[in-house]
Amino acid sequence: MTSTATVGVVVVAAGSGSRLGADLPKAFVALGGLSILQRALEPVFGMSEPAQVVVVVPKSQLALAQEQL
């Protein structure tokens, strides 16, 4: 059975992290054992209805984002 997404979510994960004093972009900074990106996506992946998710990251961080999804 194929399900069609009824919800669309766009997560823009492009902050530099400089105001946090981080060495990497804000989305990849750990907060309580998970990155901020993972924490942002947890509720989406836990939804009962299908969702189409688009994560926008700088090209230089694409591999890191894929690892965390």
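The values are calculated or read from the model by the stated rules, or taken from the named source; none is laboratory data. In this text the structure is predicted, and so the values were computed from the model without any measurement. Methodologically, a virtual Cβ is constructed for each residue, glycine included, from the backbone with ideal geometry; neighbour enumeration extends over all protein chains shown. For the accessible areas, the whole protein counts, side chains as well, though only heavy atoms, and no ligand, DNA or RNA atoms are used. Shrake-Rupley method; radii C 1.70, N 1.55, O 1.52, S 1.80 Å.
A compact table of results
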{"item": "The range 1-57, relative contact order [Cα under 8 Å, separation at least 6], %", "result": "49"}
{"item": "Whole-number accessible area per residue in Å² for the chain, which is evaluated in the context of all protein chains at 1.4 Å", "result": "71"}
{"item": "Shape metrics for the range 1-41, restricted to C-alpha atoms - Rg then Dmax, Å", "result": "13.9, 47"}
{"item": "For Val55, distant residues with modelled amide H under 5 Å away", "result": "Val11"}
{"item": "Angle between the chain longest axis and helix 36-45 axis [Cα atoms, degrees, rounded to 10]", "result": "10"}
{"item": "Helical mean residue ellipticity (222 nm; -39500 (n - 2.57) per DSSP H run of 4+; nearest 500) of the chain", "result": "-7000 deg cm²/dmol"}
{"item": "Computed label-point distance, nm, for sites Val53 and Ala22 using a 7 Å Cα→Cβ extension", "result": "1.7"}
{"item": "For the range 8-19, 3J(HN,Hα) per residue [Karplus equation, 6.51 cos²θ - 1.76 cosθ + 1.60, θ = phi - 60°, Hz, x = Gly/Pro]", "result": "x, 10, 10, 10, 9, 10, 10, x, 6, x, 5, 5"}
{"item": "Protein accessible area in the chain, 1.4 Å probe - carbon and sulfur %", "result": "56"}
